[in-house]
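Below: one structure, written as structure tokens.
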Amino acid sequence: MLEIRNLHARIAEDGTEIIRGLNLTVKAGEVAAIMGPNGSGKSTLSYILSGREDYEVTEGDILFNGESILELDPAERAAKGVFLAFQYPVEIPGVATMQFLKVAMNEQRKARGEDELTTPEFLKRVKAAAAELQINTDMLRRPLNVGFSGGEKKRAEILQMSLLQPSLCVLDETDSGLDIDALKIVSDGVNALRSPDRAIVVITHYQRLLDHIVPDSVHVLYKGQIIKSGPKELAHELEANGYADIIGEAA
Ligand code: ADP
Ligand code: MG
Ligand code: MG
């Protein structure tokens, strides 16, 4: 479903290369975890997947269902079913969360040539998904992410994901800022999205998230490259020994 081939990318503004020959394949039905020390390029990779203009791809390709998405803008990628849950969700003052969700869902339907949802059908879906994530409806009346706690922001991201049902979900440090209870709720929300026709990429610093969202594969990102891939046990190995051994091996 996702194939990243020899990707090189730099910061558009100053030309610093952050991604340096990254290869990664994630199949439909798979949950892949990307781990790595701070500053490795994990968030940069998620921005590049989403199509942010602050980064330039200088070499390599990103294929989604066999087709390059490099030339597509963020909205076109979203319409194809790519969803990014950011480490720092964007605040949108003046737009109630509920309204944002309605526009997002209807834009997606429009892109697929489907009719707009009726208001009762929309409300039914939002309420059901919000209840699963223990989000109360008061929060949905507030502007998106404005004044939300860390945990509320992450839950709002997962709510968008469960309503949009993307085929590729990328979650950047969804566990950061979550207490144990919120971590469980958010993880349950992500696990509910596991499906044979969907791929999920979980970017995380800590193994603890992977106790809740058990990955099929683990990839270590360091200095803009995947330096090691392995089964879920690799995350435990990293937790026990840190990154130093693997970085040394790769060097
Ligand atoms: P991670 O998510 O793995 O902690 P990041 O992708 O956030 O790493 O950052 C990788 C490196 O790229 C860091 O050294 C960071 O400072 C740098 N970087 C990323 N984006 C920018 C940017 N827009 N401007 C300046 N430096 C950046
Ligand atoms: Mg970081
Ligand atoms: Mg990051």
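Each reported figure results from applying straightforward, stated rules to the coordinates on display, with no laboratory input. Remember, predicted model here, so these are calculated numbers, not experimental data. Cβ sites come from the backbone with ideal geometry, for glycine too, and all protein chains shown count toward neighbours.
Just to confirm the number: angle between the C-alpha axis of helix 150-164 and the first principal axis of the chain, 0 to 90 degrees, nearest 10?
That works out to roughly 80 degrees.
Between TYR88 and ASP211, what length comes free when the chain is fully extended (0.36 nm per residue of separation minus the Cα-Cα distance, one decimal in nm)?
42.0 nm
Among the listed pairs LYS80/LYS232; LYS27/LYS110; LYS42/LYS232, give every one whose C-alpha distance is greater than 20 Å.
Where the Cα-Cα span goes over 20 Å, the pairs concerned are LYS80/LYS232; LYS27/LYS110.
Which FRET efficiency value, to the nearest 0.05, do you get for ILE11 and LEU63 by plugging their Cβ-Cβ distance into 1/(1 + (r/R0)^6) with R0 = 25 Å?
Using R0 = 25 Å, I get an efficiency of 0.60.
Report, in deg cm²/dmol and to the nearest 500, the calculated mean residue ellipticity at 222 nm for the chain, where each DSSP H run with n ≥ 4 adds -39500 (n - 2.57) and the sum is divided by the residue count.
Taken over the chain, the calculation gives -11500 deg cm²/dmol.
If the chain between ALA104 and LYS184 were fully stretched, how many nm would it gain, using 0.36 nm times the residue separation less the Cα-Cα distance?
Contour length minus the Cα-Cα distance gives 26.2 nm.
Quick one: if you stick a label point 7 Å off each Cα along the C-beta vector at ARG142 and LYS80, how many nm between them?
3.6
I'd like to compare 108-116, 136-144: which one has the highest average count of other Cβ atoms within 10 Å, and what's the full order after that?
Put in order of decreasing packing, that is 136-144, 108-116.
From the residues HIS219, ILE158, LEU171, which one has its Cα farthest along the dipole of the chain in the positive direction, the dipole being from +1 and -1 charges on Cβ of Lys/Arg and Asp/Glu about the Cα centre?
ILE158
Which of the peptides 74-85, 232-243, 150-161 is most tightly packed, and how do the rest follow, going by the mean number of other Cβ atoms within 10 Å of each residue?
Top of the packing list down: 150-161, 74-85, 232-243.
Just to confirm my numbers, what's the Cα centroid distance between the stretch 33-110 and the stretch 206-236 in Å?
The stretch 33-110 and the stretch 206-236 have Cα centres spaced 21 Å from each other.
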